[in-house]
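**Q** Here you go, one structure.
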Amino acid sequence: MKIFVAGTRGIPNIQGGVETHCEELYPRLVKLGYEITIIRRSCYVTSNNKIKSYKGVFLKDIYAPKHKKIEALLHTFLSVLYSKKSKADILHIHAVGPAIMAPLARLLGLKVVVTHHGKDYDRQKWGKFAKITLKKGERLSVKYAHKLIVISEDINNLIKQKYNRCDANIIYNGVNIPCKSLETKYIKTLGLYPKKYIFTLGRFVEEKGFHGLIEAFTNLADKEYKLVIAGDADHPDTYSENLKQLAIKNGVVLTGFIKGEKLNEVFSNAKLFVLPSFHEGLPISLLEAMSYDIDVLISDIPANLEVKLPDDCYFQCGKWDDLLNKMKKKLLQNEHIKYDLSMYNWDNIAAQTADIYQGLSVK
C-alpha cells in the first residue's frame with residue numbers, strides 16, 4: 001500500500017513536534033510493510049538532510065517558500081496534486097492548516113487521513129486572517145477526512161462538541177526510552193555542570209512562554225543554577241529576536257536547534273525540565289523529558305493536564321510568580337522519579353495507525 005504524507009516540514013532533523021512525530025512513526029510503518037513517501041518542504045532541505053530516503057521512507061522534495069503565511073497551504077496543494085499523479089492509495093495530512101486541502105484530495109479521488117495535532121489557531125503568532133484559515137482547515141478536515149486521528153482526549157472532546165464527529169481515533173504522540181548519556185563534554189562547552197541547570201526546548205514563538213520562564217528565572221535567588229533553552233525560530237520575527245536578546249541579557253544559555261547525542265547529553269544532565277506553554281497538542285518535548293526521569297514543571301493547560309502528573313508538577317499558565325515559587329521548591333528536591341510511559345509507545349502507535357490504513361483500504 002502506497003501512503004503519501006503531507007503537512008509536515010519534513011524529516012529528518014527538522015525542528016517541530018509534527019516533524020518528530022513523523023520521523024518516529026513512518027520508519028516503523030515501513031517495517032510493517034507500507035510504502036511511505038513523505039513530501040518535504042524544499043525550504044527546509046539543507047546540505048545536512050538532502051537525501052532521497054530515511055530508514056526506508058522515501059522523501060520527495062516539493063517547492064515551498066519559507067513564508068509562514070503561505071508556506072504550508074501552497075506546499076500542501078502541490079503535495080495533493082503530486083500524490084494523485086503518483087497514484088497514492090492514501091494521503092495522510094498532518095495538522096489543521098494543511099488539512100484545508102482535504103476537500104481537494106477527496107475531489108481528486110484520494111483516500112484521506114488527517115491527524116489533528118492541536119488547535120493551531122490558538123497560537124499567538126497568527127493574525128486574524130490566519131486564525132480564520134486555520135479554523136476553516138479544522139472544519140474541513142473533520143468534514144472531509146475519511147479517517148480522523150487526534151493526539152489527545154482534549155482534541156477528541158473538541159471535535160465531538162464543535163462538529164459532532166464522534167468517530168475520531170485517539171492515537172497519542174510517543175517517546176523512545178533513551179540510553180542516557182554519561183558524557184559531559186558538550187554541556188561543559190556551554191559552561192554547564194550536571195544537575196545544575198533548568199532545561200526547556202521548542203520553537204521561539206510566543207505561545208511557548210519562554211519569555212515568562214526567563215522572567216521567573218531572573219528572580220531566582222539561587223544563582224548556582226543556569227537556564228538552558230534549546231531551539232530557534234522557523235521564521236525569525238520581532239518576538240524571536242527580542243527573546244534572544246532577553247536571554248543573552250540574563251545569562252540564559254541558548255544552544256540553537258539540537259538533536260542526537262547533544263540533546264541526549266543535555267537531557268541526561270538536567271535538574272529540572274520546564275514547559276511554560278500557553279498552547280500544546282500533546283507535547284513530545286514533555287514526553288522526552290519524562291523518558292529521562294527528569295523532574296518536570298509545566299503549565300496547567302488541558303494538553304499537559306492530560307498527562308496526569310502529580311499536582312506539584314503544574315503551575316498556573318501565564319502566572320510567572322507561581323512558576324518561580326514552584327521552581328524554587330523543585331530545585332530543592334532530590335527524589336528519584338520514574339514515570340509510566342506505557343501509553344506512549346511508538347511501536348503501538350505505528351500498529352494503531354496501520355489499523356486505520358488497513359481499514360480504509362478495504363472500503
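Every number in this text was worked out from the coordinates using simple rules, so none of it is lab data. Please read these numbers as outputs of a predicted model, since none were measured by experiment. As a convention, Cβ positions derive from the backbone with ideal geometry for all residues, glycine included, and neighbour counts pool all protein chains shown.
**Q** How much length is gained on full extension from Asp311 to Leu32, taking 0.36 nm per residue of separation minus their Cα-Cα distance? Don't skip to the answer; put the middle values down first.
**A** Values: separation 279, 0.36 × 279 = 100.44 nm, distance 3.93 nm.
Taking 0.36 nm per residue and subtracting the Cα distance, the gain is 96.5 nm.
**Q** With springs only between Cα atoms under 10 Å, which of Gly56, Gly16, Gly33 fluctuates most in a Gaussian network model of the chain?
**A** Gly33
**Q** Residue farthest toward the positive end of the dipole of the chain, with Cβ of Lys/Arg at +1 and Asp/Glu at -1: which of Gln352, Thr133, Cys313?
**A** Thr133
**Q** For the range 282-327 and the range 222-254, what is the separation of their Cα centres, given in Å?
**A** Cα centres, the range 282-327 to the range 222-254: 20 Å.
**Q** Counting only DSSP beta bridges with both residues in the chain, what percent are antiparallel, rounded to the nearest 5?
**A** In the chain, approximately 5 percent of DSSP beta bridges are antiparallel ones.
**Q** Based on the Cβ-Cβ distance from Lys328 to Asn157, what FRET efficiency comes out when R0 is 45 Å, to the nearest 0.05? If you can, show how the numbers build up before the last one.
**A** Values: r = 35 Å, r/R0 = 0.77.
For Lys328 and Asn157, the calculated efficiency is 0.85.
**Q** Now for a separate question. Could you name the aspartates and glutamates whose alpha carbon sits less than 12 Å from that of Lys185, not counting residues in the same chain fewer than 8 places away?
**A** Straight-distance partners of Lys185: Glu261, Glu265.
**Q** Can you pull out the GluC sites (Glu not before Pro) in the range 189-280 whose DSSP state is coil and whose Cβ has at most 14 other Cβ atoms within 10 Å? Before the final figure, lay out the partial values.
**A** Numbers: sites: Glu206, Glu207, Glu215, Glu224, Glu241, Glu261, Glu265, Glu280; in loops: Glu224, Glu280.
Qualifying residues, ordered by number: Glu224.
**Q** Please say if the range 185-342 is rounded, prolate or oblate, where rounded means a/c under 1.5 for a ≥ b ≥ c the square roots of the C-alpha gyration tensor eigenvalues, and otherwise the choice is prolate for a/b larger than b/c and oblate otherwise? Don't jump to the answer; show the numbers that get you there.
**A** Values: a/c = 1.24, a/b = 1.12, b/c = 1.11.
Cα axes put the range 185-342 in the rounded bin.
**Q** Of all trypsin sites (Lys or Arg not before Pro) in the range 261-323, which ones are in loop regions per DSSP and have a Cβ with at most 16 other Cβ atoms within 10 Å? Intermediate results must be reported in sequence, preceding the final value.
**A** Working: sites: Lys262, Lys271, Lys308, Lys319; in loops: Lys271, Lys308, Lys319.
Within the range 261-323, the qualifying trypsin sites (Lys or Arg not before Pro) (loop, at most 16 other Cβ atoms within 10 Å) are Lys308, Lys319.
**Q** Then there is this: Would you kindly state how much longer the chain becomes between Glu224 and Asp340 on full extension, computed as 0.36 nm times their sequence separation minus their alpha carbon distance, in nm to one decimal? Write out the running numbers ahead of the final one.
**A** Numbers: separation 116, 0.36 × 116 = 41.76 nm, distance 3.09 nm.
Net length gain for the segment: 38.7 nm.
**Q** Could you list the residues of the range 90-125 with an amide nitrogen less than 14 Å from a label point located 7 Å from the Cα of Lys60 in the Cα-to-C-beta direction?
**A** 90-93, 105, 110-111
**Q** Also, quick follow-up: Hey, what number do you get for the chain at 222 nm if only DSSP H runs of n ≥ 4 count, each worth -39500 (n - 2.57), divided across all residues, to the nearest 500?
**A** Numbers: 13 runs with 140 residues, N = 363.
Helix contribution divided over all residues of the chain: -11500 deg cm²/dmol.
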